[in-house]
Amino acid sequence: MNPADVAQSALPLTSSDLSLFGLFWQAHWIVKGVMLGLLVASVWVWAIVIDKFFLFTRSNRAMNRFEQAFWSGQSLEELYRSLSSKPTHSMAALFVAAMREWKRSFEGQSRSFAGLQMRIEKVMDVTIAREIERLERRLLVLATVGSAGPFIGLFGTVWGIMTSFQSIAASKNTSLAVVAPGIAEALFATAIGLVAAIPATIFYNKFVSDVNKQAQRLEGFADEFSAILSRQIDERAP
Amino acid sequence: MKSGLTISAVGHALFFAWGIISFSVTPLKTEPTESVPVDIISATDFSAMTAGMKTAPKSENQKPLVEKIAPKNEVKDPTPKVAEKKPEIDASAEAPPPPSIPEPKPKPKVAEAKPPEPKAEKLEKKPDPIAEAIKQEKPDDKPKPEKDEAAQKQAQEVPTPQKRPPRPEAKPEPKFDASKVAALLDKRAPQRQAATGDVLNNKPALGTATGTAAALSQSELDALRAQIQQCWNPPAGAADAKDLIVVVKLELNQDGTLTGQPSLANRSSHPFFQVAAESALRAIRRCQPYKLPIAKYETWRSIEVGFDPKELFRG
C-alpha cells in the first residue's frame, strides 16, 4: 500500500464532521439506536422530574393549608363538606375517607360503635397506601434509568469502538487521525448515557426522601385524627 | 404529566439546539517542534570519528583536534643505507672545531648541515653524540633571552633601590600580556590530557570528545602483539588450552611504558586460567616500553590485548 492510497483511504475518515449531529449521523445503526433510546429516556426522566417536582410542592403546600384549617377549631363537618366533593391532596383524601366512614356509621340505623375505631384505621391505612402509591408512581423509571443508563451508553461505546477498530484494521492505517473520529463518535453514546443517568439518580434519591417525608406526615395525621375520632366515639357511646 | 413531558421535550430540544450551535471542535494547537537532524552512522564511522565537539559545524575534511604537536620518536633504523652515508662522512671530515660547544671534538658542520640534510643527520645519529648535544643545547637557548630580559630589568631597578624602599608591593602588579588572554580565558582543566598529533589544529570539528580519527592499523596491532609475545611464556601442558584466552587491559604512557597495573578484562573457570593470567601480566610488564606510533597515542592509550595460546602455536 503506497502512501497515496493510505492518504486516500484516510481522507473520508479524517475529514469527518465532528459536530453533535455529525457524531450521531456517522455512527453505526446500533449505536444510533442506543443514542436515540437514551435521548428518549432522558426526555422521559426530565418529564417525570418536572411532574414530580410540581406534585410534591403542590401537595406540600396543600397539606400545610389543610393542617392550618384542621387545627383552627373549624367544625370538621364543615371541612368535610367543603372537601368531600374533590379531595385535591393526600391528607384531604385521608380526612375525607375517615370522615366518610364515620358518617356512614352514624347515619345508618344500626349505630354500631363496636368496630368503628378499627374500621376507620383500616380505611385510613388503605388511603395512606394508595396516596403513597400515587406519589411514588414512575419513580422506578428514574431508578432504572439512573442505574442502567451508563451501561446502555457503554454498550453503544463499546460497539462503536469495535466497529471503528474494524475499519482501522481494514484501512491498515493506525494514525491517530484515523482512530480519533470513530472513538469520539463512540464515546458520544456514553456521554448521552451519563447525561440521562446523572439527573435520574440525583432526583430519584431526592424524591424517595420526599415521599418518605410525606408518608410520615400522613401517618402522623392519621394517628392524630384517629385519636380525635376515638375520643368522640367514647363520648358518644352509650 | 403532559406539562412535564412538554417542558422536558422543549428543554431537550433547546439544549441540543444550543449544543449544535456551540459545540464546535477547535483543533488542538500543536507547537511546531524543531526537528533534530540525526545521522545514522556505522560502528566503523563512529570509531573513525574525529575528536571534536558536538556543537561544532560539520566540516568536509575532518582533522583531529590537536593542541600539542607530539614529540617525534626518532626511528632507529637498524639498517642504515650505506650509499647515503658517504656524503655524511665527507661533511664530518671537513668540519672545523666550533668554539661554542664545549666538546673536545665538536662537529659544527654537521649541525649546520642539519636543515638542508635531515636524512643524513638521522642516519648519522646513532654513532654521533654531538648532534644530540646540539639538540639539547637548542631548547636551552629559548629560556635564555627571557633570563636576559629579567636580568636587564633587574639592572635597571638596581640604581634606585634607596628611593623606593617599600617596593615589594610592586611585585604582584599584574602585567597585561595580550598573548596570554587566550590562556586566561581557557576554562578547561589544566591537568587535562592535551590532544596530540602531527599537525596543530585548534579548530574543532563535529565529532565525539574522545573520537579518534586515526585508528591503529592491523600491522601496528600485530607489531604490538609481537612485542608482547616475545616475553610471553604460556603455561605448558594445560588441558583445553583453547579456553585459556586471557584478555588484559593496559594503559600506556606516551613513551610506551605502562601507566598503571594492567588488569584482567575477562574471567574463566579454567583451572589454569590464573596461571595463564599471571604469565600474561608478567609478559606485559616485562616487555615495556612498547614501540607504537605516537601520533595515534589516543588509540593505544588504553588497549586490550588478548592472549590466546592457540595463536602462539599456530605460527
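If residue A:16 passes every condition in (1) surrounded by 14 or more Cβ atoms within 10 Å (Cβ to Cβ); (2) modelled with pLDDT of 75 or more; (3) within 14 Å of chain B (Cβ to nearest Cβ) but one, which one does it miss?
It is condition (2) that residue A:16 fails.
Applying the selection to segment A:85-100, what residues are of a type outside the set (Val, Ile, Thr) and closer than 17 Å to residue A:222 by Cα?
Across segment A:85-100, the qualifying residues are A:87, A:89, A:90, A:91, A:92, A:93, A:94, A:95, A:97, A:98, A:99, A:100.
Quick check on this structure: which one of A:76, A:55 is modelled with pLDDT under 85 and aliphatic (A, V, I, L, M)?
The conditions single out A:76.
Out of B:63, B:29, B:72, I need the residue that is more than 14 Å from chain A (Cβ to nearest Cβ), assigned to a loop (DSSP other than H, G, I, E, B) and modelled with pLDDT of 75 or more. Which one?
Unique residue meeting the criteria: B:29.
Hey, among A:215, A:186, A:222, A:200, which residue is modelled with pLDDT under 90 and either part of a helix (DSSP H, G or I) or open to solvent by less than 60 Å² (accessible area, probe 1.4 Å) (or both)?
Just a single option satisfies the conditions, and that option is A:186.
What are the residue pairs meeting all of these: first residue in segment A:18-31, first residue farther than 12 Å from residue B:20 by Cβ, second residue open to solvent by 20 Å² or more (accessible area, probe 1.4 Å) and part of a helix (DSSP H, G or I), Cβ atoms under 6 Å, and 6 or more apart or on different chains?
Filtered contacts from segment A:18-31: A:26/A:185; A:27/A:185; A:28/A:163; A:30/A:159; A:31/A:159.
Within segment B:1-17, how many residues turn out to be more than 7 Å from chain A (Cβ to nearest Cβ) and modelled with pLDDT of 90 or more?
Residues flagged as more than 7 Å from chain A (Cβ to nearest Cβ) and modelled with pLDDT of 90 or more within segment B:1-17 amount to 4.
Within the set of pairs 6+ apart or on separate chains, which have a first residue in segment A:35-62 that is more than 7 Å from chain B (Cβ to nearest Cβ), a second that is open to solvent by less than 30 Å² (accessible area, probe 1.4 Å) and polar (S, T, N, Q), and C-beta atoms under 8 Å apart?
A:44/B:8; A:45/B:8; A:49/B:8; A:56/A:214; A:59/A:90; A:59/A:214; A:60/A:214
Taking the residues in segment A:58-83 that are of a type in the set (Gly, Ala, Ser) and over 19 Å from residue A:228 (Cα atoms) as candidates, determine which candidate is surrounded by the fewest Cβ atoms within 10 Å (Cβ to Cβ).
A:82
Please go through segment A:40-54 and give me each residue that is surrounded by 19 or more Cβ atoms within 10 Å (Cβ to Cβ), within 18 Å of residue A:132 (Cβ to Cβ) and not β-branched (Val, Ile, Thr), ordered by number.
Within segment A:40-54, A:51, A:52 meet the criteria.
Regarding residue B:221, is this residue out of contact with any Leu (no Cβ under 7 Å at 6 or more places or on another chain), buried (at least 16 other Cβ atoms within 10 Å of the Cβ) and not β-branched (Val, Ile, Thr)?
In short, yes.
The values are calculated or read from the model by the stated rules, or taken from the named source; none is laboratory data. Fair warning: this is a prediction, and the values are worked out from it, not measured in the lab. In this analysis, Cβ positions are derived from the backbone assuming ideal geometry, glycine residues included, and neighbour counts consider all displayed protein chains. The area values use the complete protein model at the heavy-atom level, side chains included, leaving out ligands, DNA and RNA. Shrake-Rupley method; radii C 1.70, N 1.55, O 1.52, S 1.80 Å.
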